[in-house]
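Contents: one structure, followed by commentary.
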Amino acid sequence: MSTTSLMSYEDALETYDPVMGLEVHVELGTATKMFCGCSTEFGAEPNSQVCPTCLGMPGALPVVNAVAVESAIRIGLALNCNIAEWCRFARKNYFYPDMPKNFQTSQYDEPIAFEGYLDVQVEGKTWRVEIERAHMEEDTGKSLHMGGATGRIHGADYSLLDYNRCGIPLIEIVTKPIEGAGELAPLVAKAYVAELRELIRALGVSEARMELGQMRCDANLSLRPKGREKFGTRSETKNVNSLRSVERAIRFEIQRHATVLTDGGTIVQETRHFHEDDGSTTAGRIKEEAEDYRYFPEPDLVPVAPSREWVEELRATLPELPSLRRARLQAEWGVNDFEMQSMVNAGVLDVILATIDAGAHADAARKWWLGELSRRANERGVEVATLPITAAQVARVAALVESGELNDKLARQVIDGVLAGEGEPDAVVEARGLKVVSDDSALGAAVDEAIAANAGIADKIRGGKVQAVGALVGAVMKTTRGQADAARVRELILERLGVS
Amino acid sequence: MTETIRWTAAETASAIADGKVTAVEVAQAHLDRIEAVDAKVHAFLHVDADGALAAAKAVDDARARGDRLGPLAGVPLALKDVFTTKGVPTTCGSKMLDGWKPPYDATLTRRLKDAGVVILGKTNMDEFAMGSSTENSAYGPTGNPWDPSRVPGGSGGGSAAAIASFQAPLAIGTDTGGSIRQPAALTGTVGVKPTYGGVSRYGLVAFSSSLDQGGPCARTVLDAALLHEAIAGHDPLDSTSIDAPVPNVVEAARSGSVKGLRIGVVKEFAGEGYQAGVLARFAEAVELLRELGAEIVEISCPNFTYAMPAYYLIAPSEASSNLARFDAMRYGLRVGDDGEHSAEEVMSLTREAGFGAEVKRRIMLGTYALSSGYYDAYYGQAQKVRTLITRDFEAAFGQVDVLVSPTTPTTAFPIGERADDPMAMYLADLCTIPSNLAGNAAMSLPCGLADEDGLPVGLQIIAPAMADDRLYRVGAAVEAAYLSRWGAPLLDRAPAL
Ligand SMILES: [Zn+2]
């Protein structure tokens, strides 16, 4: 189904209520894997971070990574969940070459955390997304399908297996059905994933970089005719791996489901792939029968029984949660909801705070990160925080503006220089000769020239129309290539014209 | 050197320590014995002569340097082929692992090496430890040294046969439903299943993770205790290993006594299916215990009746998952890798070709028992039975110090007799299975020969979890009493090979 043959989004929502379910996998940033001592370092030589346990060698046994359990509990607590007093791992049995034991050690009916919620902001209103569970499991390896055109297993000549990722700790966070969002559903989904990402980062348990697969989202969607209780059949769109994609995938699926249902068709319960290029989804492999994973408690591991004292200790040491921090900062900075939301969406709160810590005024720090730097990041298609400029460097630029040594225009050129790798702001200023000229003798000639060249405007000003001075200031700025101190230029012009 | 191979492990170790013989000489004597008789017994799947002689030489060198030798330094041992040995083939009696050389040592293997034990080679077993006769080995059956046309029991028939035929004074077995104790009974040797979690399972190729337990096989109670001490103790690589001091089994074996003990006779271990000669020897053993000063109490464990069906749901369920890893992707057999077949087909072809009939039967049983819709009725129910059996034991151990029973309902049966009748074969483990389900400790030691066939009968002693020392205290007393009654060890009556 192409995007063009779909029913419009508005029409779809006239008739149907969307119901969503989101499953987010987070790779924990622990130093070692879930059940063995292998490193979790990203980008190592294939199959260089493996051992008998994560290769599923005969006889090898798992041992639970205590740091991963701690991270899971902290995530659970931050999501307002109950923490199990006693829970077990379970084996999820299915055959796949990138899973060496041919079962995944996961949790089934005894998750470490359950029954929680996460509040998210959508268009100025708070949405409570209820969490069903958060459980621990291990990641699989990676298959690389060689030959063939698509990089998919179908049509490939052969496959290569890399088990470095195999056994990396994952936390899977599953929401309860999200109902009643109506046309806001795609935004709720996106806001939920964004908020969850902030939370995971604030906890320091993962960098949660979606582009690296450290955080992966599966989006379930079903529609039901308005006014009906029963849920419709759902589709599960796998690996939707950016915030924008989450929104688009939900939106597309709403339209696709509505189109099928309105045409009298039926929705098949299936997994679907999301395509970044056109925002569509296509069906994955159709399974003839429902997969039976034959879950049973993992006999090689003892139950996890976190003591209540430990859980309370972890609760007491949770960092300030993103939503609370946002409320506090918004009050401190006195900004409106819209501006606050813009900063959250751009992911710049942390760098703004770091810039303030480095000595910048809050207003200046916000202005640079949300304005100029966000624009540069957009141009480059990267996240703002990953731009090659530090909070300290931005603070220095702000300080130079503050002291009048740079104006905004020159400051932007300094930022250009820093981003281009020309060194610290002061070095860029020096190398490029970017100094505001406020020396009267240097400016005098330019001012005289401007007055002479714009005699008519000068007369108007003399005649009392002071607001016309801007045109003359502009002319001076032009001849000085932006390096003049605009305020001083204005003073000089008015002085010369005897208006001051 | 004929004498050397008949020494106990304790005698061997002190002879080496005292310089009466070198470890290399002892190892060579056993290698010669293997050479001479194993064609008839087929206890070994792989003999590592070079490795054994090198290990023996290391012990001799250590002694020459004046190092203190451990209590088993230089003693040869036959290792069940289910424990990984770095660089030495480990097949689990299966075609699936033909030629596989593990990249790592099991914790048990490592501990044996650290103790200076000389590993002679790897012993035959039912494929992946599934069986009670060693006939399910993909490499052919093992013969019982008492009568090579009969089975030595299983799955650890190779280990039991090796020590019964003096090819090694010590061996290692694993006991999931009786695979150490039942072969011990059928070969007239001593076998101990330690408390679950007492000996590390790291490197033990899993059959049923919640039941498997490695343990010692020997010709005397003291030798078993020495070996038990060498391999037991907490292992951080095995989460289910118990982090507590090992019961003092060697001390218990040296001070055998039953005086003042209350000993329970389990009522349910008798009746139909039990051979008359087995029951007669058992009755005598109970009488002996009474004479030695024990108080005999009849105990009922009503839920033991359900042990067998529960076991045949739990063990295959876990096995179906444990054996899923044999998929031709990383090690072992690979069938159909001709560029024409997909990975999925290669997995399927390999499993079809690599597993024997009994393994397939259990994988199917287990897969079915865990299936959605059947889980509660089968696996779930079996776990409840397991709890009930554990409670029966708890109630029993509230009244008595140890329990006793025949180890097996019958003596060694002819090779081939039960091969086509899985149910008859499964009955061989009737008396041993409850201890695996409950995770407690149990021993089998010889209590004579059955009148009707002249074959060994085993006496089983069962102790509470982490009270393994009681097995040795009682076992040593029984062993000493029989030795004085018989005038010589039972194995001396085995026909020459
Ligand atoms: Zn590993």
* Structure fact -> Note to self, chain A gives a 222 nm [θ] from helices alone (DSSP H runs n ≥ 4, -39500 (n - 2.57) apiece, / all residues, nearest 500) of -11500 deg cm²/dmol
* Computed Rg/Rh of chain B, alpha carbon atoms with Kirkwood Rh -> 0.96
* Principal axes first, then extents: for the Cα atoms of segment A:329-379, list largest minus smallest coordinate on each axis, whole Å, largest first. => 30, 25, 14
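Segment B:222-291: which trypsin sites (Lys or Arg not before Pro) are DSSP loop and have at most 14 other beta-carbon atoms within 10 angstrom?
Values: sites: B:R254, B:K259, B:R262, B:K267, B:R281, B:R290; in loops: B:K259, B:K267.
Hits after loop and neighbour filter: B:K259, B:K267.
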* To do: Return the ratio Rg/(2.2 N^0.38 Å) for segment A:99-248, where Rg is computed over Cα atoms only.
  => 1.20
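Quick check of the Kirkwood formula: for segment A:3-310, what is the inverse mean of 1/r over all pairs of different Cα atoms, in Å?
Averaging 1/r across every pair of different Cα atoms and inverting gives 20.5 Å.
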* Sort out for me the Cα centre separation of segment A:162-238 from segment A:295-322, rounded to whole Å. => 22
* Take the alpha carbon atoms of segment B:180-225, find their center, do the same for segment A:460-483, and report the distance between the two centers in whole angstrom. => 98
* Asked: So who's got an amide H within less than 5 Å of the one on A:M7, skipping anything under 5 residues away but keeping other chains? H placed 1.01 Å off N, in plane.
  -> A:T259
* Asked: If r is the Cβ-Cβ distance from A:Y158 to A:A31 and R0 is 35 Å, what FRET efficiency results, to the nearest 0.05?
  -> 0.55
* Which loop trypsin sites (Lys or Arg not before Pro) in segment A:239-323, with loop taken from DSSP, have no more than 16 other Cβ atoms within 10 angstrom of their Cβ? -> A:R285, A:K287
* To do: Identify all lysines with a Cα-Cα distance to B:K193 below 17 Å; exclude those on the same chain that are fewer than 8 residues away in sequence.
  => B:K80
* To do: Within 10 Å of each residue's Cβ, count the other Cβ atoms and sort B:R219, A:R74, B:R6 from fewest upward.
  => B:R6, A:R74, B:R219
* To do: May I ask for the distance between the Cα centers of segment B:226-255 and segment B:1-51, given as a whole number of Å?
  => 26
* To do: Taking the Cβ of each residue in B:V385, A:V394, A:V268, B:V286 as the centre, tally the other Cβ atoms inside 10 Å and list the residues starting with the fewest.
  => A:V268, B:V286, B:V385, A:V394
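Tell me, B:C217, A:C217 in order of fewest to most beta-carbon neighbours within 10 Å? Let's see the in-between values first.
On the way: B:C217 35, A:C217 27.
Placing the least packed residue first, the sequence is A:C217, B:C217.
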* Inter-chain shielding of B:233-242 (mean C-beta neighbours from other protein chains, 10 Å cut-off) -> 3
* Asked: Which angle from 0 to 90°, rounded to the nearest 10, does the C-alpha axis of helix A:440-453 make with the longest principal axis of chain A?
  -> 80
* Structure fact -> Place a point 7 Å from the Cα of A:M146 in the direction of its beta carbon; the residues of segment B:342-382 whose amide N falls under 18 Å from it are B:342-344
* Structure fact -> Simple spin-label estimate for A:N336/A:E41, 7 Å along Cα→Cβ, in nm, reads 5.1
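Given R₀ = 45 Å, what would the calculated FRET efficiency be for B:K20 paired with B:K40, taking r from the Cβ atoms and rounding to 0.05?
Working: r = 30 Å, r/R0 = 0.67.
The formula returns an efficiency of 0.90 here.
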* Structure fact -> Gyration tensor (Cα only) of the protein assembly as shown to equivalent ellipsoid, semi-axes in Å sorted down, yields 75, 31, 25
* Asked: Which of the lysines could be linked to A:K367 by a straight reach, that is with a Cα gap under 28 Å, when you skip same-chain ones fewer than 8 residues away?
  -> A:K125, A:K190, A:K409, A:K435, A:K478
* Asked: Where a Cα-Cα gap under 20 Å defines reach, which lysines qualify for A:K33, not counting those fewer than 8 residues away within the same chain?
  -> A:K92, A:K101, A:K142
* Asked: What ranking do A:481-491, A:399-409 get when scored by the average of other Cβ atoms within 10 Å per residue, highest first?
  -> A:481-491, A:399-409
* Structure fact -> Summing -39500 (n - 2.57) over every DSSP H run of at least 4 residues in chain B and dividing by its residue count gives a helix-only mean residue ellipticity at 222 nm, to the nearest 500 deg cm²/dmol, of -12000 deg cm²/dmol
* Structure fact -> Rounded to a whole number, the mean other protein chain Cβ count within 10 angstrom for residues of A:86-97 is 3
* Expressed in nm to one decimal, what extension gain is obtained for the pair A:H361 and A:S403 from 0.36 nm per residue of sequence separation less their Cα-Cα distance? -> 13.9 nm
* What share of Cα pairs, in percent, lie more than 24 angstrom apart in segment A:320-432? -> 22
* To the nearest 0.05, what FRET efficiency results for A:S8 and A:Y117 with a Förster distance of 45 Å applied to their C-beta separation? -> 0.85
* **Distance in nm between pseudo-label sites at A:A283 and B:K101 (7 Å out along the Cβ direction from Cα)** => 5.1
* Structure fact -> Each label sits 7 Å from Cα toward the beta-carbon; between B:K267 and B:Q399 the label points are separated, in nm, by 0.8
* Within 10 Å of each Cβ in peptide A:290-297, how many partner chain Cβ atoms are there on average? Round it to a whole number, please. => 6
* With a ≥ b ≥ c the root eigenvalues of the C-alpha gyration tensor of segment B:350-426, is it rounded (a/c under 1.5), prolate (a/b larger than b/c) or oblate? -> oblate
* To do: Have a look at B:M347, B:N144, B:A171 and report the one farthest towards the positive end of the charge dipole of chain B, computed about the Cα centre with Cβ charges (Lys/Arg +1, Asp/Glu -1).
  => B:A171
* Under 14 Å from a label point 7 Å along Cα→Cβ of A:R244: give me every residue in segment A:367-381 with its amide N that close. => A:375-381
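Here, each number is a calculation from the coordinates, and none is a lab measurement. Because the structure is a prediction, the values reported are computed rather than measured. Glycine gets a Cβ as well: all are built from the backbone with ideal geometry, and neighbour counts include every protein chain shown.
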